[in-house]
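Nothing in this text is a laboratory measurement; each read-out follows from the coordinates by a stated rule. The structure displayed is predicted, hence computed values, not measured ones. Every residue, glycine as well, gets a Cβ built from its backbone with ideal geometry; the counts of neighbours run over all protein chains shown.
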Amino acid sequence: HSDESYVIRVHQTELATGTTTSSDIAVEVKDQEWNIHLPALGCSYSVELCRLHPDGDEEVIARSKSVETYLPYWADRIEELAMDNDLFLLHFSSLITKTGEVAESVVLKDLALTVSKGVLS
């Protein structure tokens, strides 16, 4: 058993296309908890805890149910939001502090990246 290793295998499926990718995160027996980043909206995620045997065989020890991260309202309306200041403020005013600073937000970063066509990152 000492030569065995363990991984959490994360499966990400794009809801629009059905395309699935997987990645492994190495874990140890002594670990008591894990935090897994779900990087993309509009995807379904599931995880498996796998035991990797020295001979190359893999064994799935546990499998999660899937969780979906839906695209936000603006995802299909980027041009509309970029051109309409009132509409933009309506959807994103809660992300602005009282002093006018933009709060740290994955949603805003994603919107800026999309609207700038990758220039802002």
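In loop segments of segment 1-94 as defined by DSSP, the chymotrypsin sites (Phe, Trp or Tyr not before Pro) with at most 14 further C-beta atoms inside 10 Å of their C-beta are W34, Y70.
Cβ crowding within 10 Å ranks E28, E33 as E33, E28, fewest other Cβ atoms first.
In terms of other Cβ atoms within 10 Å, D3, D84 run from fewest to most in the order D3, D84. Considering the zone a paramagnetic label at V7 would reach in this model (a point 7 Å from Cα along the Cα-to-Cβ line), which residues of segment 38-58 have amide N under 16 Å from it? Output list for this probe position: 46-58.
Length available on full extension from T21 to M83: 0.36 nm per residue minus the Cα-Cα distance, which gives 18.9 nm.
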